[in-house]
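**Q** Structure below; questions to follow.
The values are calculated or read from the model by the stated rules, or taken from the named source; none is laboratory data. Since this is a predicted model, take the numbers as computed values, not measurements. Counting neighbours? That spans all protein chains shown, and the Cβs are built from the backbone with ideal geometry, glycine included. Side chains included, ligands, DNA and RNA excluded: accessible areas come from the protein's heavy atoms. Shrake-Rupley method; radii C 1.70, N 1.55, O 1.52, S 1.80 Å.
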Amino acid sequence: MIWFNSPRWAFAAICIAIIWKTSSFVALIILAGLQTIPRSLYEAADVDGARPLRQFLEITLPLLRPSIAVALIFRTITALQTFDIPTMMTGGGPGTSTTTLAMYIHQNTVSFLDLGYGSALAVMMFVLSMGVTALYLRMLRSRAG
């Protein structure tokens, strides 16, 4: 297919497939967060004369911040560890333009049998995942307090 002849279009095709695959999970997390917001807050805002946009900005978004953070953490970690869709769609090509870190680790450990280097890369992926998660949690804490 012509999408996979160009690095830019191959990357776009992979992004579309991953977004399609994971959007339902993010929507489920956001829905769970929405269901925890008490209806009485919206009723009180109605009594005070707040318009729907104001209610969204002052009630919904601040109370959804933890749910959004959880969804963002999960999506970031799974994005760093993406292996299946790029492998099946392009195999890392054209060239190595769509090779992910997980694909590179797999290539070094399984295909090249360089277990030490592959293990070091896996540890680095773990450290990167933990660092990004810690950064998200620190940003969430700083805005909450």
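**Q** Just the number please: accessible area per residue for the chain, 1.4 Å probe, all protein chains included, in Å².
**A** 69 Å²
**Q** Okay, next question. Can you give the direction-averaged projected area of the convex hull of the alpha-carbon atoms in the stretch 1-98, in nm²?
**A** Orientation-averaged projected area of the Cα hull: 7.8 nm².
**Q** Label the stretch 80-145 by shape, choosing from rounded, prolate and oblate, from the square roots a ≥ b ≥ c of the eigenvalues of the Cα gyration tensor; if a/c is under 1.5 it is rounded, and otherwise prolate applies when a/b is larger than b/c, oblate when it is not.
**A** oblate
**Q** Next question, about the same structure. Specify which residue in the list 74, 139, 5 is farthest towards the positive end of the charge dipole of the chain, using unit charges on the beta carbon of Lys, Arg (+1) and Asp, Glu (-1), about the Cα centre.
**A** 139
**Q** Compute the helix-to-body angle for 39-48: its Cα long axis versus the longest principal axis of the chain, expressed 0 to 90° and rounded to tens.
**A** 50 degrees
**Q** Top mean-square fluctuation among 30, 105, 19, Gaussian network model of the chain, C-alpha springs under 10 Å?
**A** 19
**Q** How many percent of the accessible area of the stretch 64-145 is carbon or sulfur, using a 1.4 Å probe?
**A** 69 percent
**Q** Which of 99, 78, 36 ends up with the largest GNM mean-square fluctuation for the chain, with Cα atoms connected below 10 Å?
**A** 36
**Q** Taking Cα atoms, how many degrees apart are the long axis of helix 7-35 and the longest axis of the chain, rounded to 10 and kept between 0 and 90?
**A** It works out to around 30 degrees.
**Q** Now for a different question. What do you get for the angle between helix 61-80 and the principal long axis of the chain? Use alpha-carbon atoms, 0 to 90 degrees, nearest ten.
**A** Compared with the principal axis, the helix lies near 0 degrees.
**Q** Now for a separate question. Could you sort 123, 26, 47 by accessible area so the largest value comes first, with the probe set to 1.4 Å?
**A** Of 123, 26, 47, the descending order of accessible area is 47, 123, 26.
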